[in-house]
Amino acid sequence: MANIRVRAQAVILDEENRVLLVNHVKDGKEYFVLPGGGVEFGEAAEESLLRELKEELDITDVKSVKFLKARDFIPEDKSRHILDLYFYVRADVSGVKLAENDGIIKGFGFFSLDELSSIVVYPSREFIIDLVNEAVGRILR
């Protein structure tokens, strides 16, 4: 029996209410995702998230973390099962930089609602907008 992979992901906004996304390149495909990563055995989800933010983007000055929701991802072929845990993170993002070169992370950026339409984003543009609206109210349509 295969294991469930658990990931913790952050919704982080800058002062202009743009969402922080990480640019990945994997298997020849380029896309954007929320920052975060896998929860390791014996590690709390919030602890994992803070570790990943430091490792990926050198984000260390975190003001608050609020759990938003969980989402299962199980493809039709049931080849894997991922449980994503989403958190709203308030942090100082003035010094964000790419801190890790793992061969997958290519860069990062802050994106407005309009800009989300012009990039490939996972899980989806609509899902990320819903997360932002849940985190801070209806700032995005």
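Computed from the coordinates by the stated procedures, all read-outs in this text should not be read as laboratory data. Computed from a predicted structure; not experimentally measured. Note that each Cβ is placed from the backbone with ideal geometry, even for glycine, and that neighbours are counted across all protein chains shown.
Output ³J(HN,Hα) for the stretch 69-83: one whole-Hz value per residue in order, computed from phi by the Karplus curve 6.51 cos²θ - 1.76 cosθ + 1.60 with θ = phi - 60°, and x for Gly and Pro.
6, 10, 9, 8, 10, 9, x, 4, 7, 6, 6, 7, 9, 10, 10
Treating cross-link reach as a plain straight distance, find the lysines whose alpha-carbon is under 25 Å from the alpha-carbon of LYS97, omitting any fewer than eight places away in the same chain.
LYS26, LYS29, LYS54, LYS63, LYS66, LYS106
What three numbers, in Å, describe the spread of the alpha carbons of the stretch 5-136 along their principal axes, ordered from the longest?
Principal-axis extents of the Cα atoms in the stretch 5-136, largest first: 41, 38, 31 Å.
Quick one: work out the % antiparallel among DSSP beta bridges in the chain, nearest 5.
75
Run the numbers for LYS54 and VAL136: contour at 0.36 nm per residue of separation, minus the present Cα-Cα distance, in nm.
Length gained, LYS54 through VAL136: 27.2 nm.
Please work out the FRET efficiency for the pair SER124 and LYS63, using the Cβ-Cβ distance as r and a Förster radius of 25 Å; give the result to the nearest 0.05.
The formula returns an efficiency of 0.35 here.
Provide the gained length on full extension for the span HIS81 to LYS97, in nm with one decimal, where the gain is 0.36 nm per separating residue minus the Cα-Cα distance.
Taking HIS81 through LYS97 to full extension adds about 2.7 nm, to one decimal.
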